[in-house]
Amino acid sequence: MLDAKIPSGPIEKAWEKCQFEMKLVNPANKRKYEIIVVGSGLAGGSAAATLGELGYNVKCFCFQDSPRRAHSIAAQGGINAAKNYQNDGDSIYRLFYDTVKGGDFRAREGNVYRLAENSVKIIDQCVAQGVPFAREYGGTLSNRSFGGAQVSRTFYARGQTGQQLLLGAYQAVERQVDAGTVKMFPRTEMLDLVVVDGRARGIVTRNLVTGVVECHVADAVVLGTGGYGNVYYLSTNAKGSNCTAIWRAYKRGAMFGNPCFTQIHPTCIPVSGSYQSKLTLMSESLRNDGRIWVPLEKGDKRAPGQIPEAERDYYLERRYPSFGNLVPRDVASRNAKAVCDEGRGVGEHGLGVYLDFADSIRRLGEHKIRERYGNLFEMYQRITDEDPYKVPMRIYPAIHYTMGGLWVDYHLMSTIPGLFVIGEANFSDHGANRLGASALMQGLADGYFVIPYTLGNYLASNKLDKIDATHPEFAAAQESVAEKTRLLLAARGTRTVDSFHRELGKIMWDGCGMSRTAEGLESAIAKIRDLREQYWRDVRVLGGDEEINQSLEKAGRVADFFELAELMCLDARDRNESCGGHFREEHQTPDGEALRDDENYSYVAAWEYTGAEPKLNKEPLTFEYVHPSQRSYK
Amino acid sequence: MKLTFHIWRQKDRNTPGRMERYQSDNMNPDMSMLEALDVLNEELILRGEVPITFEHDCREGICGSCGFMINGIAHGPQTQTTVCQLTLRHFKDGENLYLEPWRARAFPVLRDLMVDRSPLDRIVAAGGYISVPAGSAPDGNTIPVPKDDAEASMDAAACIGCGACVAACPNASASLFTGAKISHLGLLPQGQPERDSRALRMVRQMNLESFGQCTNIGECTAVCPKGIPLAVINRMNGDYIKANWRK
């Protein structure tokens with residue numbers, strides 16, 4: 001039975017109580033512990049820095065050439081915090097409420113409350129680090145509003161909030177590198193987790209420059225390795241983002257929570273051709289001042305400026321008068337798909353809707369819009385060669401975030417003792433749909449304010465045997481890594497890694513994307529199995545393993561995506577309801593909204609690796625504070 | 001669209017490299033330069049040739065991973081654009097493109113177009129931060145920051161650490177990079193307590209690495225994909241000199 005270890009008692013006091021009850025590691029003893037942190041993004045970076053500040057010996061790993069490159073850097077819009085600086089009715093409770101509701105009642109109340117509580121400390125921390133947040137003329141912090149909320153609680157640094165928060169965490173890491181408590185291992189990829197006597201005791205890595213495969217021993221392992229959106233090939237994720245670390249951990253015994261919960265972001269630049277390597281997000285903050293519309297009539301090929309007001313359908317404002325263009329992401333994405341399916345989509349392929357700033361430019365002036373979104377407009381123009389100050393942007397939904405991830409308890413520990421999972425890599429806080437500006441909040445809350453406590457408690461409560469890399473489990477893990485590499489290089493087939501990855505992505509987008517059916521999922525599972533088998537036989541990876549070999553790196557990651565893809569489809573098939581980003585066509589209200597089945601599916605699906613069919617474990621969800629209701633943004 | 005690429009190929013740090021010529025007829029003007037290399041690499045793999053190594057990650061111009069010289073210009077001809085966002089519509093059908101790695105003694109080539117930029121991390125580790133352990137910060141609004149200062153700080157903080165400034169500088173100086181960090185933090189009230197020690201230590205570390213000296217040429221800011229202004233170098237020099245006086 002899964003024990004989430006949620007503290008008892010009133011939710012407002014739960015984290016405080018939990019912190020008090022946790023055991024502490026004496027300051028002088030902290031340096032005797034070795035901690036491995038994999039990933040250097042907002043979660044991993046903030047955790048490595050904070051654990052280093054506390055005095056632990058931290059080894060931090062990233063596959064990029066520098067910890068500053070982690071994909072958190074690409075987050076644009078902002079970070080939520082319940083500061084109520086705008087005096088508009090915000091509170092910790094309201095942020096908690098919005099997040100639970102936004103997640104369509106598939107997140108744990110306890111975790112979400114703690115997240116909302118920690119949100120205020122994050123802003124303080126980041127301001128003190130020198131993050132140049134937007135300011136008012138009086139020098140105070142500025143806020144903007146974001147989807148799924150009716151208050152202004154989003155803090156931002158132009159359209160580069162993720163970059164600035166990450167640089168804050170990166171600088172904190174470098175400060176600890178300077179102090180000697182954190183040792184960075186850039187260009188180093190984790191390829192396996194080592195479990196000794198049921199506890200996570202280290203990892204196996206490959207040095208991406210020399211190809212050397214090495215073992216690293218530790219007292220605890222923290223994974224902050226991000227999400228797995230790249231299973232779809234085309235997503236807004238960085239090209240290197242991958243599931244290998246969490247997938248290896250899954251195969252070593254960590255359960256995988258809600259793998260099918262993926263988020264499709266409504267405002268991305270539409271696909272332009274088959275060579276397309278990734279999709280570019282346009283921050284959701286644009287929906288504050290942009291109005292979304294399509295022509296009223298299908299097949300209307302006139303230029304947007306030629307379509308009179310009366311022949312436009314501002315469908316979000318029409319269907320959701322109280323939230324309008326600021327409905328949550330899942331709702332906005334599904335509606336865009338619906339109007340395009342009706343044949344009212346715009347652009348060359350009909351897969352796009354307009355995001356129009358003409359009204360805001362008239363109302364506020366072009367300079368104001370330029371000040372708010374200048375860099376986003378430039379980016380749009382650079383990619384599409386169109387000027388959004390003059391013609392409306394064209395946008396379409398794209399895979400952006402994965403709410404699913406390794407199952408963790410309230411302490412952010414997985415089902416393997418000593419293995420902690422933070423940020424997007426875990427499943428914990430966003431339920432079936434994440435609200436905008438909440439990913440940055442969660443990554444930093446986990447790293448700065450949760451893991452330093454819970455990891456200490458684990459170390460102080462358990463007596464760990466002294467082991468080194470000569471332990472047979474390390475040798476075995478190292479050998480399994482080497483074997484996989486040998487197989488990939490030995491296939492010498494006829495197809496490139498990318499061609500397989502693109503095909504896998506297409507199967508997933510069609511079968512397990514914005515809307516899903518039992519039949520479509522069955523067919524996707526069969527296709528994935530077939531293609532995976534072909535992959536191991538027919539992939540062509542050139543070059544050797546003792547050198548820089550980007551094809552080999554990709555090949556290993558895609559091999560893991562193949563396995564994860566199947567688990568995602570199994571989970572989506574098993575969850576016979578619609579909720580948040582998981583939309584099963586069989587389950588919808590008469591007006592096309594997601595229809596949950598709380599009677600039967602109010603649980604976290606935690607999948608356990610068995611070697612054969614994965615085993616489903618259920619963690620029931622209880623709602624004592626926010627009562628599940630049909631989400632309404634009307 | 002047809003393009004002829006001349007690309008620097010080098011197996012590793014210690015093996016001499018050379019320019020290789022590749023022709024492709026499958027280019028599309030809407031592709032980014034990196035997508036063009038993806039397509040070229042797919043063709044190479046199918047022909048049994050080892051693909052070209054180049055660094056990249058976010059492909060939206062913010063992570064700073066990518067970058068190489070195109071016809072002698074860092075990140076190519078389009079201003080304020082990294083190679084991942086540079087589309088082929090800026091080139092003519094049939095054009096010859098010469099792609100080379102960043103050239104600077106401090107950035108040794110690791111393979112093909114990939115170089116080692118770790119000196120930049122070491123400069124940041126030498127004081128490019130504000131020392132504030134998690135949990136010790138006061139409420140965010142107790143530190144008011146004049147809007148113009150916050151904006152100027154943000155202008156400098158926008159640096160993505162790609163290294164183009166070093167590659168473009170005839171002296172291979174890292175002054176724009178270092179100046180940007182010193183300015184970002186030095187323009188904010190939070191950054192004042194360590195302002196002197198930061199300038200002294202970061203400049204010292206910059207000089208310890210194999211970078212050249214700044215002679216105010218300005219190539220760095222001309223190629224910078226984020227338009228970091230040359231003024232950050234003046235500010236670095238000012239802070240460094242004042243800190244030395246006060247020492």
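Nothing in this text is a laboratory measurement; each read-out follows from the coordinates by a stated rule. Computed from a predicted model, the values in this text were never measured in an experiment. Virtual Cβ from ideal backbone geometry, glycine too; neighbours counted across all protein chains shown.
Here is how the numbers come out for the structure above:
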item: Taking the convex hull of Cα positions in chain B, its mean projected area over all directions (nm²); result: 15.4
item: Overall dimensions of the range B:3-111 as given by Cα atoms, namely Rg and Dmax in Å; result: 13.4, 37
item: Whether the range A:265-398 is rounded, prolate or oblate, judged on the alpha carbon gyration tensor where a/c under 1.5 counts as rounded; result: rounded
item: Dipole of chain A, positive end: most advanced residue of A:PRO620, A:THR262, A:ILE361 [Cβ charges, Cα centre]; result: A:ILE361
item: Amide hydrogen neighbours beyond the local backbone of B:GLU20, cut-off 5 Å, H modeled; result: B:ILE7, B:TRP8, B:ARG9
item: Stokes-Einstein translational diffusion, the range A:137-225 - Kirkwood Rh over all Cα pairs, 0.692 mPa s, 37 °C, in µm²/s; result: 194
item: B:ILE241-A:TYR137 FRET efficiency (beta carbon distance; Förster radius 35 Å; 0.05 resolution); result: 0.60
item: For the range B:107-235: span of alpha carbons on each principal axis (Å, largest first); result: 49, 27, 25
item: Net charge contributed by nearby residues that have their C-beta within less than 14 Å of A:HIS349 (K/R +1, D/E -1); result: +1
item: Integer Hz, Karplus 6.51/-1.76/1.60 couplings in order for the range B:240-247, x for Gly and Pro; result: 5, 5, 4, 5, 5, 4, 6, 4
item: For A:THR262, residues with placed amide H under 5 Å, excluding near neighbours; result: A:MET403
item: Cβ-Cβ FRET estimate between A:ARG363 and B:GLU151, R0 fixed at 22 Å, reported to 0.05; result: 0.45
item: Distance (nanometres) between label positions extended 7 Å along Cα→Cβ at A:LYS463 and A:ASN87; result: 6.0
item: For chain B, built as a Gaussian network whose Cα springs stay under 10 Å, the top-fluctuating residue of B:THR53, B:THR15, B:THR178; result: B:THR15
item: Label-point gap, in nm, between B:ASP12 and A:ASP3 - each point 7 angstrom along Cα→Cβ; result: 5.1
item: Hz values of 3J(HN,Hα) by residue in the range A:151-159 - Karplus curve (6.51, -1.76, 1.60), Gly and Pro given as x; result: 10, 9, 10, 9, 8, 8, 10, 6, x
item: Computed [θ] at 222 nm, helices only, for the protein assembly as shown once each DSSP H run of length n ≥ 4 contributes -39500 (n - 2.57); result: -11000 deg cm²/dmol
item: Under-5 Å amide H pairs with A:ASP313, H placed in peptide plane, nonlocal only; result: A:VAL294, A:LEU296
item: DSSP beta bridge pairing in chain B, given as percent antiparallel to the nearest 5; result: 75
item: Antiparallel bridge percentage (DSSP; both residues within the protein assembly as shown; nearest 5); result: 70
item: Paired Rg and Dmax values of the protein assembly as shown, which use every Cα atom, in angstrom; result: 25.7, 76
item: Rounded to the nearest 20 debye, dipole of the range B:118-246 from Cβ charges on Lys, Arg, Asp, Glu; result: 300
item: A:LEU531-A:ALA28 pseudo-label distance in nm [points 7 Å out on the Cα-to-Cβ vector]; result: 5.9
item: Positive dipole terminus of the range B:118-246, leading residue within B:ALA157, B:PRO146, B:GLY186 (C-beta point charges); result: B:GLY186
item: Share of alpha-carbon pairs per 10 Å distance bin for the range A:79-155, given as whole %; result: 19, 50, 26, 5, 0
item: Within the range B:3-111: Cβ-based charge dipole about Cα centre, in debye rounded to nearest 20 (Lys, Arg +1; Asp, Glu -1); result: 580
item: Cα centroid separation, the range B:33-83 to the range A:242-284 (Å); result: 23
item: Nearest 10 degrees, 0 to 90: helix A:550-574 Cα axis against chain A principal axis; result: 70
item: Solvent-free Debye scattering, log10 I(q)/I(0), computed from the Cα coordinates of the range A:493-634 at q = 0.10, 0.12, 0.17 Å⁻¹; result: -0.46, -0.62, -0.98
